[in-house]
Amino acid sequence: MFPLLLNHGRAPAPDSLRTLAAAACLVISGCGGGGGGGSGNEGGGGTMPPVPEPPIAASAFVTTTDFSTGSYSTVNLRDRSVRANLPSAAGIAESDSGAVYFNQKVYILNRFGFDNVSVLALDDLSNPVSQFSTGNGSNPQDMAFVSDERAYVSLLGGNQLLVVNPARAVIESRIDLTPLLDPEDTDGLTEASALARVGPYVFVALQNLDNFAAVRPGVIAVIDTRTNTLVDAEPGAEETQGISLDLANPVAMTWVPEVGRLLIAAAGTFGTDDGGLESVDPFRFVSEGVIATEAELGGGDVGGLASAGGRKLYVIAGGFEANDVRVVDLQTDPGSGQLSATAPRGLGLDLPFIPGLAVEGGGRLLVPDRSLEAPGLRLFDTAVDAELTTAPIDVGLPPGAPVVIPPSPPRVFVPTTDFTTGSYSTFNPADGSVSPDLPATSGIAESDNAAVFHGDRVYVLNRFGFDNISILDTDDLTTALRQFSTGNGSNPQDMAFVSDSQAYISLLGSNDLLVADPTAPRGEELTGRVDLTPLLDPADADGLVEAAGLALVGRYLFVTLQGLDNFVALRPGVLAVVDTATDSLIDVDPGQPGIQGIALEGLNPTALHWAPGLGRLLVSQAGAFGVADGGVEAVDPFRLLSEGLLISEADLGGGDVGDLVSVAGQKVYVVAGGFDANDIRVFDALRDPASGELTAANPRSLGFSLPFVPGLAVDSGGRLFVPDRTLTAPGIRMIDTATDEEITSTPLDVGLPPGAPVVLYP
């Protein structure tokens, strides 16, 4: 986090200028925020209302503008302090600007009439690292990133998508979008606006306006970032095709991994209820049609979007001077995977033009309020849709679209054990500094332990023979806040969170999935149980389903059931599906007698990983230990079915597979080998655009020979953390996932031999 200072001096623009400029901005560019000034109090917001606050996971960066000048501010969402009017020089943020965050930098797009991008580092937001032109009249709209050295910039004033190197502040190439221009479009512009990256593809919303008139449906261009080429989304048709939309004038787009869809806000003709929300499958390159019309949303033109954990979608809607934020619940049909939007309702706002929304990881919705009397940033609790601020947080001039800045740098929490004693340590992956052996008292972490991170807490699962969970505050990891039992002989394996007060715990020694409220009074943490016995095979002699890994996708919790028979893999594993809205088992095959889970192809599922960039759950199937009969299986969490083995243990190079992680939906890292000779294997995950079928290619080895590797983790900077339990020099190895080269020359010493690492975002 960075320090935040008080606001100072604001000189508002004349109302007439503000109104005219705002209208022009909406028509010309779809605009974003921009601009400068400030007055007043420390963070605004007044006295806290009687609404329990969710935990804080981020800060906010806000461009500000009165449409005459431009500036920007930051808001510390923990204490609501504001650092206003940060530019030390003019021209960093202009009167029409928006912002994008990526990997410790903020990129300000100076739009209509300014045509450049300012690059800011978080450690000094007053001065740009660099600034580069996008070309006269280009009107840059959005940026999407592959890495620090490759990004894409959409232009409203040209038919090229820029390929830029932000680290060098240069345009490296251009992708021609003209093949997607309608021949009858008299202005000759595709009007590229919003961008979204899903796996190896960047999706570009083309408004296809005709001299500002929405006379034809919009199109989504698809860019393959591996080749920087335009993808033909419909090879059977003549010439190159994008994804054809049902609605006209797509003004906003967001990727919602929890439902596996791109959601498009299409305004249609301004002032007419002919737009709405449209769903696009980014894996099959097809629109699934309109899921909510503007009329169903309550009327008015739709604008910016923000998703809250895949369960809710927040949509700007209304007229220019009377905007509300509408909210819908997102539902996926388990049989077809079809997405729908239900229960549309408004937050009851009546605001001027709202340039954009954001949701931070702690569950706050950020809404810019550009009211003339008291402009600022308003905060809402997405759990209950109640406002947390009693007055807008004053950020200087009226705010533009806010940008969430994730907390950084992360720390990595490492449970450690020599199988006699247990402890844990943390380290900073940026400088390699270690805080070893943190517990102040014994019993917090036992000799068989693992950890899960949620909000601002670390949950240490003490497993076989200990059967409890220790809760730690990330601000003080030396002492447990509390510890609660999961039941004698229960052997807790994993934990998944819907919210701070709703969590699930899998047990290897019981057929109950525990429902817990870690915030409840001491001794009352366990609030319910989901019986998994209906998924037990009648022939299983040990009577246990062996619930292990957990993954939450939208409202559904997926649970790996190993189905071992006295530790022997005799039958395929199963994924139980639990509806977290009702804490009940979902029957994925109603045509069969009894309740069915997702039948897996392989035996003995050892790890479960949600890969949003692939839109799939990945399941490691070890099969019989010592036999190359397993692999990595892909499961569609929206249609609730297995797609079979993605890659076999043999194709990976042999050995039993264990934990796995994915990076940006393109690379998958898998632990594989014998107990005393483990390697990390990596393969590329590819998807056939026509069929949507996922395939694995180019399996290769990182060349390790390590003892048992209990788990892997990847941080937001693209570092892979590999625990090395070698007796002579145990520790954590770090791998650069861009190159697959080791960063560490020797393992980071974290005390006892390391378990599965967990990345903490403060």
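Within segment 516-567, considering only strands (runs of 3 or more DSSP E) that don't extend past its boundaries, which have at least 3 residues that are within 28 Å of the chain's Cα centre (by Cα) and surrounded by 22 or more Cβ atoms within 10 Å (Cβ to Cβ)? Hits in segment 516-567: 547-553, 556-561.
Condition first: charged (D, E, K, R), without any contact (Cβ under 8 Å) to a residue 40 or more places away in the chain and not in a loop (DSSP other than H, G, I, E, B). Now tell me which residues in segment 568-604 satisfy that. Break it down into steps so the answer makes sense when it comes.
Step one: filter segment 568-604 for residues charged (D, E, K, R), giving 571, 579, 583, 587, 589, 601.
Checking the rest, the ones that are also without any contact (Cβ under 8 Å) to a residue 40 or more places away in the chain come to 571, 579, 587, 589.
Within segment 568-604, 579 is the sole residue that qualifies.
Would it be correct to say that residue 509 is in contact with a strand residue (DSSP E or B) (Cβ under 8 Å, 6 or more places away or on another chain) and either within 22 Å of residue 464 (Cβ to Cβ) or aliphatic (A, V, I, L, M) (or both)? No.
Does residue 385 satisfy being on the phi > 0 side of the Ramachandran plot, surrounded by fewer than 24 Cβ atoms within 10 Å (Cβ to Cβ) and touching a residue at least 12 places away in the same chain (Cβ under 8 Å)? Before you say what the answer is, go through the steps one by one.
Values: on the phi > 0 side of the Ramachandran plot: yes; surrounded by fewer than 24 Cβ atoms within 10 Å (Cβ to Cβ): yes; touching a residue at least 12 places away in the same chain (Cβ under 8 Å): yes.
So residue 385 passes the test.
Look through 401, 391 and report the one residue that is buried (at least 21 other Cβ atoms within 10 Å of the Cβ) and in contact (Cβ under 8 Å) with a residue 60 or more places away in the chain. Spell out how you get there, then give the answer.
Working: 391 fails: buried (at least 21 other Cβ atoms within 10 Å of the Cβ).
Just one listed residue meets the conditions, 401.
Among residues of segment 247-276 that are touching a residue at least 12 places away in the same chain (Cβ under 8 Å) and surrounded by fewer than 21 Cβ atoms within 10 Å (Cβ to Cβ), those with a beta-carbon under 6 Å from a residue that is aliphatic (A, V, I, L, M) and outside any strand (DSSP E or B) at least six positions away or on a different chain give the pairs 248/214; 269/214; 273/295. Being under 16 Å from residue 330 (Cα atoms) and surrounded by 24 or more Cβ atoms within 10 Å (Cβ to Cβ) is the filter here, so list the residues in segment 299-310 that pass it. 306 - this is the single residue of segment 299-310 that is under 16 Å from residue 330 (Cα atoms) and surrounded by 24 or more Cβ atoms within 10 Å (Cβ to Cβ). If you go through segment 668-678 and pick out every residue that is surrounded by fewer than 21 Cβ atoms within 10 Å (Cβ to Cβ) and not aromatic (Phe, Trp, Tyr), you end up with 3. If the condition is being within 30 Å of residue 498 (Cβ to Cβ), touching a strand residue (DSSP E or B) at 6+ places or on another chain (Cβ under 6 Å) and part of a strand (DSSP E or B), then segment 376-400 contributes 377, 378, 379, 380, 387, 393. Before we move on, is residue 577 closer than 25 Å to residue 469 by Cα, in contact with a strand residue (DSSP E or B) (Cβ under 6 Å, 6 or more places away or on another chain) and surrounded by 19 or more Cβ atoms within 10 Å (Cβ to Cβ)? Here the answer is yes, as residue 577 does meet what is asked. Residue pairs whose Cβ atoms lie under 9 Å apart, separated by 6 or more positions or on different chains, with the first residue in segment 338-352 and surrounded by 21 or more Cβ atoms within 10 Å (Cβ to Cβ) and the second in a loop (DSSP other than H, G, I, E, B) and of a type in the set (A, V, I, L, M, F, W, C), are 339/259; 339/638; 341/297; 352/320; 352/372.
Within segment 222-246, the residues that satisfy the criterion of being small (Gly, Ala, Ser) and surrounded by fewer than 21 Cβ atoms within 10 Å (Cβ to Cβ) are 236, 237, 244.
Filtered by the rule that a residue be in contact with a helix residue (DSSP H, G or I) (Cβ under 7 Å, 6 or more places away or on another chain) and among the aliphatic types (A, V, I, L, M), segment 155-209 gives 156, 206.
The set of residues in segment 718-749 being part of a strand (DSSP E or B), among the charged types (D, E, K, R) and either under 24 Å from residue 104 (Cα atoms) or touching a residue at least 40 places away in the same chain (Cβ under 8 Å) (or both) consists of 719, 733, 736, 741, 742.
Do you know which residues across segment 412-431 are within 26 Å of the chain's Cα centre (by Cα) and more than 16 Å from residue 460 (Cα to Cα)?
Residues satisfying the conditions are 427, 428, 429, 430, 431.
Note on segment 246-290: residues that are among the charged types (D, E, K, R), within 22 Å of the chain's Cα centre (by Cα) and outside any strand (DSSP E or B) total 2. Could you identify the single residue in 318, 348, 304 that is closer than 27 Å to residue 387 by Cβ, assigned to a loop (DSSP other than H, G, I, E, B) and not hydrophobic (A, V, I, L, M, F, W, C)? Unique residue meeting the criteria: 348.
Across segment 142-159, which residue is modelled with the lowest pLDDT among those that are polar (S, T, N, Q) and farther than 19 Å from residue 98 by Cβ?
Taking segment 142-159 and keeping what is polar (S, T, N, Q), we get 147, 154, 159.
Retained after the next criterion (residues that are farther than 19 Å from residue 98 by Cβ): 147, 159.
Working: 147: 89, 159: 96.
Of everything passing the filter in segment 142-159, 147 is modelled with the lowest pLDDT.
Just one residue in the set 468, 491 is touching a residue at least 12 places away in the same chain (Cβ under 8 Å), of a type outside the set (Ser, Thr, Tyr), farther than 30 Å from residue 60 by Cβ and out of contact with any Lys or Arg (no Cβ under 9 Å at 6 or more places or on another chain); that residue is 468. For segment 96-154, the set of residues classified as charged (D, E, K, R), within 23 Å of residue 718 (Cβ to Cβ) and touching a Ser or Thr at 6+ places or on another chain (Cβ under 7 Å) consists of 142 only. Listed by position, the strands (runs of 3 or more DSSP E) inside segment 82-135 whose residues that are touching an Asp or Glu at 6+ places or on another chain (Cβ under 8 Å) number at least 1 are 97-102, 105-110, 124-133.
Each residue in segment 66-98 was checked for being buried (at least 24 other Cβ atoms within 10 Å of the Cβ), acidic (Asp, Glu) and out of contact with any Lys or Arg (no Cβ under 7 Å at 6 or more places or on another chain), and 1 pass. Within segment 682-700, the residues that satisfy the criterion of being part of a strand (DSSP E or B) and surrounded by fewer than 15 Cβ atoms within 10 Å (Cβ to Cβ) are 695, 697, 698, 700.
Identify all residues within segment 170-218 that are more than 17 Å from residue 269 (Cβ to Cβ) and polar (S, T, N, Q); write none if there are none. Correct list: 173, 178, 190.
Hey, among the residues in segment 624-637 that are buried (at least 23 other Cβ atoms within 10 Å of the Cβ) and not β-branched (Val, Ile, Thr), which one's nearest to residue 309 (Cα to Cα)? Looking at residues that are buried (at least 23 other Cβ atoms within 10 Å of the Cβ) and not β-branched (Val, Ile, Thr), I get 637.
If the condition is being in a strand (DSSP E or B) and over 18 Å from residue 550 (Cβ atoms), then segment 469-483 contributes 470, 472, 473, 476, 477, 478, 479, 480, 481, 482, 483.
Do you know which of the residues in segment 280-298 that are among the acidic types (Asp, Glu) and farther than 24 Å from residue 693 by Cα is surrounded by the fewest Cβ atoms within 10 Å (Cβ to Cβ)? Talk me through it step by step, then tell me what you get.
Of the residues in segment 280-298, the ones among the acidic types (Asp, Glu) are 281, 288, 294, 296.
Checking the rest, the ones that are also farther than 24 Å from residue 693 by Cα come to 294, 296.
Numbers: 294: 26, 296: 17.
By that ranking, first place goes to 296.
Within segment 202-215, restricting attention to residues that are modelled with pLDDT of 95 or more and not β-branched (Val, Ile, Thr), which residue is surrounded by the most Cβ atoms within 10 Å (Cβ to Cβ)?
We begin by selecting, within segment 202-215, every residue modelled with pLDDT of 95 or more; these are 202-207.
Of the ones still in play, those that are also not β-branched (Val, Ile, Thr) are 203, 205-207.
Details: 203: 25, 205: 33, 206: 25, 207: 25.
Going through the qualifying residues, I end up with 205.
Can you tell me which residues in segment 650-663 are of a type in the set (A, V, I, L, M) and surrounded by fewer than 20 Cβ atoms within 10 Å (Cβ to Cβ)?
Here is the first cut: in segment 650-663, the residues of a type in the set (A, V, I, L, M) are 650, 652, 657, 660-661, 663.
Within segment 650-663, 650, 663 qualify.
The values are calculated or read from the model by the stated rules, or taken from the named source; none is laboratory data. Quantities reported herein were computed from a predicted structural model and do not represent experimental measurements. For neighbour counting, all protein chains shown are included, and Cβ atoms are generated from backbone atoms with ideal geometry for every residue, glycine included.
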